[in-house]
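> After the structure tokens below, expect a handful of questions from me.
The values are calculated or read from the model by the stated rules, or taken from the named source; none is laboratory data. Source: prediction; values computed, not measured. Reconstructed Cβ throughout: ideal geometry from the backbone, glycine too, with neighbour counts over all protein chains shown. Side chains are part of the model used for accessible areas, which takes the heavy atoms of the whole protein and leaves out ligands, DNA and RNA. Shrake-Rupley method; radii C 1.70, N 1.55, O 1.52, S 1.80 Å.
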Amino acid sequence: MTLGKFAPLHRGHQRVIEHACKQTDHVIVVVYDAPETTRVPLPVRAGWIRDLYPEVEVLEAWDGPTVVGSTPEIMRRHEEYLLKILGGRTISHFFCSEFYGEHVSKALGALDCRVDEARSRVPISGSTIRDDPFLHRRFLAPEVYRDLVARVVFLGAPSTGKTTIARALARLHQTQWMPEYGREYWEAHQRDRRLTPEQLVDIAEGHLEREDALILDADRFLFVDTNATTTFMFAQWYHGQAHPRLARLADQCVQRYDLAFLCDDDLPYEDTWDRSGLAHRTIFQKQIRADLQRRRIPFLTLRGPLDARIEGVQRVLRGFDRHAPLGDWLRGQVGPPP
């Protein structure tokens, strides 16, 4: 057995788990709820371990003691809780890299197995990572780091400023932004200004692959120019229906993005060769808004010139934490959202 808050799960924790897996035939990982340490929910932290180590049994310690220390009372509280959550099961080895290895292993009747207690192999701690996840992201698995970055998507009809604002905000926050892959793909593959239903699936999948790669180099926010719901709407516009795979990818957008902004069509229309005209933009904008409402995706509308739109987004992002309770975030707002 091993245990921890895993706030967040880092390479040092993984070394302990992997060492345990090599030395024993069954590993139990106890993950503590830790609201005083991190806003990342317990199921998310437990999910990291389940995803990376499906052979491991994960126990979620929702009511475990949160106080840390080496006094007899504190040690006894932890020992009694672990014995309770294990329900009488025998533990042969207890793995950790902390001071509590001695008293916990003794209480469990297990071998005291310390792994890199001096932090010489993996010189990092959870508190150091929490101070600056981006700086220390090399100590985090991709599955973990992606959960620490908020995906902010900008939607809207053509010529509503999505690209401009995503690029500008990435520059302001010194982070990454995801350009609209569909434009690049369309320019390379269109025939008579059309794409097949299967090609539209390629756009959605290619966009997601690039987005998942970029997020690993993003600091707090990844700004995204459109998503699969837009590609879905293009499929409806051109073919009257969407490929089932594309429809599933569009449905996943409900959970994939943390904030959605609809860029209004009150900007002057840029009539370039690859666009279908002002009338088309007006209708398409109405359809995109209706699709967001149908999917019950919360969104904020950005109106006016670019500087006003950027300030509106900045106001929303101020103090935003993708794992924080909504009330905590709203209390940090200055003025009404756009």
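> If you scan the range 183-220, which residues turn out to be in a loop (DSSP other than H, G, I, E, B) and either within 14 Å of Thr163 (Cβ to Cβ) or of a type in the set (D, E, K, R) (or both)?
Step one: of the range 183-220, the residues in a loop (DSSP other than H, G, I, E, B) are 190, 192-193, 195-196, 218-220.
Selection gives Asp192, Arg193, Asp219, Arg220.
> If you take just the helices (runs of 4 or more DSSP H) that sit entirely in the range 278-337, which of them hold at least 1 residues that are open to solvent by 70 Å² or more (accessible area, probe 1.4 Å) and at pLDDT 85 or above? If you could, list the steps in order and put the result at the bottom.
Working: elements: 278-294, 306-317, 326-331.
The qualifying helices (runs of 4 or more DSSP H) are 278-294, 306-317.
> Out of all the residues in the range 252-259, is one or more more than 29 Å from Asp131 (Cα to Cα) and open to solvent by 10 Å² or more (accessible area, probe 1.4 Å)? Explain how you work it out, then say what you get.
Our first condition is that a residue be more than 29 Å from Asp131 (Cα to Cα); within the range 252-259, this holds for 252-254.
From what is left, the residues that are open to solvent by 10 Å² or more (accessible area, probe 1.4 Å) are 252, 254.
Checked against the condition, which is being more than 29 Å from Asp131 (Cα to Cα) and open to solvent by 10 Å² or more (accessible area, probe 1.4 Å), the range 252-259 yields at least one hit.
> Follow-up question, since we're still on this one. Determine which member of the set Trp177, Trp186 is of a type in the set (Phe, Trp, Tyr) and over 19 Å from Phe320 (Cα atoms). Before you say what the answer is, go through the steps one by one.
On the way: Trp177 fails: over 19 Å from Phe320 (Cα atoms).
Of the residues listed, the single one that is of a type in the set (Phe, Trp, Tyr) and over 19 Å from Phe320 (Cα atoms) is Trp186.
> Could we say that Ala235 is touching a Leu at 6+ places or on another chain (Cβ under 7 Å), farther than 16 Å from Val152 by Cβ and open to solvent by less than 10 Å² (accessible area, probe 1.4 Å) here? Show your work before the answer.
Values: touching a Leu at 6+ places or on another chain (Cβ under 7 Å): yes; farther than 16 Å from Val152 by Cβ: yes; open to solvent by less than 10 Å² (accessible area, probe 1.4 Å): yes.
Criteria met by Ala235.
> Considering only residues that are of a type in the set (Ser, Thr, Tyr) and closer than 26 Å to Cys21 by Cβ, look in the range 35-68 and name the one that is surrounded by the fewest Cβ atoms within 10 Å (Cβ to Cβ). Explain how you work it out, then say what you get.
Restricting attention to the range 35-68, the residues satisfying the condition of being of a type in the set (Ser, Thr, Tyr) are 37-38, 53, 66.
Right, trim to closer than 26 Å to Cys21 by Cβ and you get 37-38, 53.
On the way: Thr37: 15, Thr38: 18, Tyr53: 17.
Going through the qualifying residues, I end up with Thr37.
> Which of the residues belonging to the range 7-31 are open to solvent by less than 10 Å² (accessible area, probe 1.4 Å), of a type outside the set (Val, Ile, Thr) and either on the phi > 0 side of the Ramachandran plot or assigned to a helix (DSSP H, G or I) (or both)?
Matches in the range 7-31: Ala20 only.
> Scan the range 69-118 for residues that are among the polar types (S, T, N, Q), surrounded by fewer than 17 Cβ atoms within 10 Å (Cβ to Cβ) and within 33 Å of the chain's Cα centre (by Cα) and report the count. Break it down into steps so the answer makes sense when it comes.
Just the residues of the range 69-118 that are among the polar types (S, T, N, Q), to begin with: 70-71, 90, 92, 97, 105.
Applying the additional criterion that residues be surrounded by fewer than 17 Cβ atoms within 10 Å (Cβ to Cβ) yields 70-71, 90, 92.
Keeping just the survivors that are within 33 Å of the chain's Cα centre (by Cα) gives none.
Of the residues in that region, 0 qualify.
> Right, next: Of all residues in the range 171-182, which are in contact (Cβ under 8 Å) with a residue 40 or more places away in the chain, in a helix (DSSP H, G or I) and surrounded by fewer than 21 Cβ atoms within 10 Å (Cβ to Cβ)? Show your work before the answer.
Initial filter on the range 171-182 (in contact (Cβ under 8 Å) with a residue 40 or more places away in the chain): 172-180, 182.
So of that shortlist, the ones also in a helix (DSSP H, G or I) come out as 172-173, 182.
Answer for the range 171-182, where residues must be in contact (Cβ under 8 Å) with a residue 40 or more places away in the chain, in a helix (DSSP H, G or I) and surrounded by fewer than 21 Cβ atoms within 10 Å (Cβ to Cβ): Leu172, His173.
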